[in-house]
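Okay, structure first, notes after.
The values are calculated or read from the model by the stated rules, or taken from the named source; none is laboratory data. Since we're looking at a predicted model, the values are computed, not measured. Note that each Cβ is placed from the backbone with ideal geometry, even for glycine, and that neighbours are counted across all protein chains shown. With ligands, DNA and RNA removed, areas are computed over all heavy atoms of the protein, side chains included. Shrake-Rupley method; radii C 1.70, N 1.55, O 1.52, S 1.80 Å.
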Amino acid sequence: MLRSFHVEGGKLHIDEGDSLSLLQQAAWIDLLAPTPEEDHAVERAMELSVPTREEMSEVESSSNLYREDGASYITVRLVSRPRDQQPKLAAVTMIVTPRQFVTLRYADPTAFKLFCARVDKTPKVIEHPHDAVLTFLETVVDRVADILEEIGNGLDVLAGELFAQDATSTKVAVEKDLAAMLRQIGRSGDLAGRARESLLSLTRAAGFLSGEENGETPHQDRNEALHRNEALRLKTLQRDIKSLLEHDAYLLSQIQFLLDSNLGMISIQQNAIIKILSVAAVIFLPPTLVGSLYGMNFEHMPELKWHLGYPMAIVMMVLSAVLPYWYFRRRGWL
């Protein structure tokens with residue numbers, strides 16, 4: 001799908017059609033899973049090459065961040081969580097020219113939807129391509145911050161359930177659904193890991209914009225070209241990304257701690273089950289012995305002629321079961 005936008009009278013307008021003149025005059029061109037014809041139309045209008053989906057999926061920085069024919073190509077990875085599916089990373093490529101801002105993507109993550117809503121509310125952000133790029137990156141960082149906050153809140157709930165004050169009782173330990181909790185911890189770890197990958201791609205993109213990629217000294221002409229306000233926003237963005245990376249590292253360590261604790265609780269749960277089965281076996285062993293003894297069919301057994309033999313056997317079996325049960329309860333084993 002190909003959409004182009006322009007700002008007129010302080011309002012955002014969607015261009016009707018994809019003619020060459022409209023694409024050349026558009027301030028923002030958005031390509032969502034474009035067809036080959038739409039790719040060629042944008043290439044003709046901008047006189048630039050549009051990266052393929054395979055090129056966008058490459059992980060090396062030279063393929064994600066480069067300048068070509070006066071345009072900057074910036075590819076970042078956004079966390080995408082389609083409904084009823086595992087979270088994944090969606091690559092979004094931004095092509096920045098002195099006059100236009102182009103986005104290329106094959107998914108529709110929430111961060112991009114938030115950016116579209118922000119542009120619709122404040123259209124002036126796409127009038128200047130560098131301003132549009134910074135606004136987009138800021139929106140992505142805000143979205144990652146929301147994801148990390150969601151993960152942190154979920155881990156707090158899991159920790160409260162896992163380390164509840166009454167969790168030492170055998171009944172609670174046996175009945176707690178630790179397998180479901182383990183799956184929740186695993187999902188949180190997967191999401192935190194993908195958020196970290198997204199933040200790392202944003203770190204490289206911010207360094208590329210500031211001219212500090214690959215550890216090189218920023219080019220002076222590049223710094224002079226940046227507006228003072230944009231340079232300040234870029235530094236703030238880099239600080240935010242760094243703080244989120246540190247927070248994500250803390251969450252990953254907390255996830256590992258909860259994972260180890262959950263596995264330990266599963267071991268305790270299994271031991272509690274085995275203990276109950278062992279105690280049950282010990283309790284019912286004496287009655288079984290008594291029943292087996294008097295179940296033998298030898299001809300010469302003194303008790304066979306007793307009128308009270310049957311009640312006596314019943315009493316013996318009950319006592320032999322109750323006494324071990326009382327003893328285990330007194331020792332605190334049950």
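In degrees, nearest 10, range 0 to 90: what is the angle between the Cα axis of helix 110-121 and the longest Cα principal axis of the chain? Helix 110-121 sits at roughly 40 degrees to that axis. In this simple spin-label model, placing a label point 7 Å from the Cα along the Cα-to-Cβ direction at both V157 and L22 gives a separation of 4.6 nm. Note that the range 276-282 has calculated 3J(HN,Hα) couplings of 5, 5, 5, 5, 4, 5, 5 Hz, one per residue in order, obtained from phi through the Karplus relation 6.51 cos²θ - 1.76 cosθ + 1.60 (θ = phi - 60°); glycine and proline are x.
Per-residue accessible area for T139 at 1.4 Å probe radius, Å² rounded to 10? The accessible area comes out at roughly 10 Å². Remark: the K88-L259 segment gains 59.4 nm on full extension, using 0.36 nm per residue and subtracting the alpha carbon distance. One decimal place: the segment S292-E127 gains 50.1 nm when fully extended, by the rule 0.36 nm per residue minus the C-alpha distance.
Between A90, A231, A145, the GNM of the chain built on Cα springs shorter than 10 angstrom shows A231 fluctuating the most. Placing L137, L245, L200 in order of accessible area, with the largest value first and a 1.4 Å probe, yields L200, L245, L137.
In whole percent, how big is the carbon plus sulfur part of the accessible area of the range 219-334, probe 1.4 Å, protein atoms only? Carbon and sulfur atoms account for 66 percent of the accessible area of the range 219-334.
Rounded if a/c is under 1.5, else prolate if a/b beats b/c, else oblate: with a ≥ b ≥ c from the C-alpha gyration tensor eigenvalues square-rooted, which is the range 18-170? Numbers along the way, then the final one.
On the way: a/c = 2.88, a/b = 2.34, b/c = 1.23.
It comes out prolate by the Cα gyration axes.
One Cα centroid belongs to the range 78-152, the other to the range 227-283; the line between them spans 27 Å. Excluding ligands, DNA and RNA, the accessible surface per residue across the chain is 58 Å² with a 1.4 Å probe.
Solvent-accessible surface of protein heavy atoms, probed at 1.4 angstrom with all chains present, puts R83, R99, R3 in the order R83, R99, R3, largest first. Accessible surface of the range 18-137, 1.4 Å probe: 48 percent of it comes from carbon and sulfur atoms.
L200 to R331: FRET efficiency via 1/(1 + (r/R0)^6), r the Cβ-Cβ distance, R0 35 Å, to the nearest 0.05?
Numbers: r = 56 Å, r/R0 = 1.59.
Working from the Cβ atoms, E equals 0.05.
Heavy-atom accessible area with a 1.4 Å probe sorts R204, R77, R194, R331, largest first, into R331, R204, R194, R77.
Counting 0.36 nm for each residue step from A164 to I276 and taking away their Cα separation leaves a gain of 38.1 nm.
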